[in-house]
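Engineer: My structure is below; once you've seen it, I'll send some questions.
The values are calculated or read from the model by the stated rules, or taken from the named source; none is laboratory data. Since the structure is predicted, the reported quantities are computational estimates derived from the model, not experimental observations. As a convention, Cβ positions derive from the backbone with ideal geometry for all residues, glycine included, and neighbour counts pool all protein chains shown. Side chains included, ligands, DNA and RNA excluded: accessible areas come from the protein's heavy atoms. Shrake-Rupley method; radii C 1.70, N 1.55, O 1.52, S 1.80 Å.
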Amino acid sequence: QVQLVESGGGLVQAGGSLRLSCAASGRTFSSYHMGWFRQAPGKEREFVALISVSGGATYYADSVKGRFTISRDNAKNTVYLQMDSLKPEDTAVYSCAAALGTLSSREVDFASWGQGTQVTVSS
């Protein structure tokens with residue numbers, strides 16, 4: 001398994017931008033599909049974005065499509081989430097996760113998780 005550490009969270013006004021990073025340890029990062037999930041207070045964790053091992057395929061939740069962009073740099077063992085046009089409803093703890101095998105957005109398919117980074121969007 002890989003160990004994951006997120007960074008880049010913070011407080012931003014509505015309409016602003018943030019870029020989250022997720023650094024992975026280990027030499028097999030390029031074997032993992034990578035995903036971003038988020039959990040708002042009082043709500044269940046939800047899927048945000050997914051990127052395949054090569055970066056050639058990406059998928060997004062409808063709520064963030066057109067505003068968020070997931071990318072990865074396998075040479076740096078890092079996956080990113082560029083978040084633009086942020087809304088108050090994007091406020092949540094954002095976590096990255098790694099999965100082997102079938103490309104899937106289901107939480108159960110992700111074996112490794114980071115500790116999360118807080119994103120707060122003020123109105």
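Engineer: So if we plug the beta-carbon distance of E46 and D73 into 1/(1 + (r/R0)^6) with R0 = 22 Å, what FRET efficiency do we get, rounded to 0.05?
Structural biologist: Details: r = 25 Å, r/R0 = 1.15.
About 0.30, to the nearest 0.05.
Engineer: I need to check one value: relative contact order of the chain, counting alpha carbon pairs closer than 8 Å and at least 6 residues apart, in percent.
Structural biologist: On the way: 303 pairs, mean separation 44.1, N = 123.
It comes to 36 percent, rounded to a whole number.
Engineer: Have a look at S71, T91, G101 and report the one farthest towards the positive end of the charge dipole of the stretch 60-123, computed about the Cα centre with Cβ charges (Lys/Arg +1, Asp/Glu -1).
Structural biologist: S71
Engineer: So, with a 1.4 angstrom probe, what is the percent of accessible area on the chain that is carbon and sulfur? Walk me through the numbers on the way to the answer.
Structural biologist: Values: 2940 of 6190 Å².
On the chain, the fraction of accessible area on carbon and sulfur atoms equals 48 percent.
Engineer: To continue, here is another question. In whole Å, how far is the Cα centre of the stretch 35-52 from that of the stretch 65-123?
Structural biologist: Between the Cα centre of the stretch 35-52 and that of the stretch 65-123, the gap is 7 Å.
Engineer: Skip the ligands, DNA and RNA, and give the accessible area per residue of the stretch 6-114 with a 1.4 Å probe, whole Å². Walk me through the numbers before you get to the answer.
Structural biologist: Values: 5330 Å² over 109 residues.
Accessible area per residue: 49 Å².
Engineer: Report Rg (one decimal) and Dmax (nearest whole number) for the chain, counting Cα atoms only, units Å.
Structural biologist: 13.3, 41
Engineer: Rounding to the nearest 20 debye, state how big the charge dipole of the chain is about its Cα centre with +1 on each Lys and Arg Cβ and -1 on each Asp and Glu Cβ. Please list the in-between numbers first.
Structural biologist: Working: 11 positive and 10 negative charges, 41 e Å.
That gives the chain a dipole magnitude of about 200 debye.
Engineer: Moving on. Lysines within cross-link reach of K43: Cα-Cα under 29 Å, excluding same-chain residues under 8 positions apart?
Structural biologist: Of all the lysines, those that pass the test against K43 - Cα under 29 Å, at least 8 places apart if same chain - are K65, K87.
Engineer: Not counting ligands, DNA or RNA, and with a 1.4 Å probe, what is S63's accessible surface area in Å² rounded to the nearest 10?
Structural biologist: Spelled out: S63, probe radius 1.4 Å, area about 60 Å².
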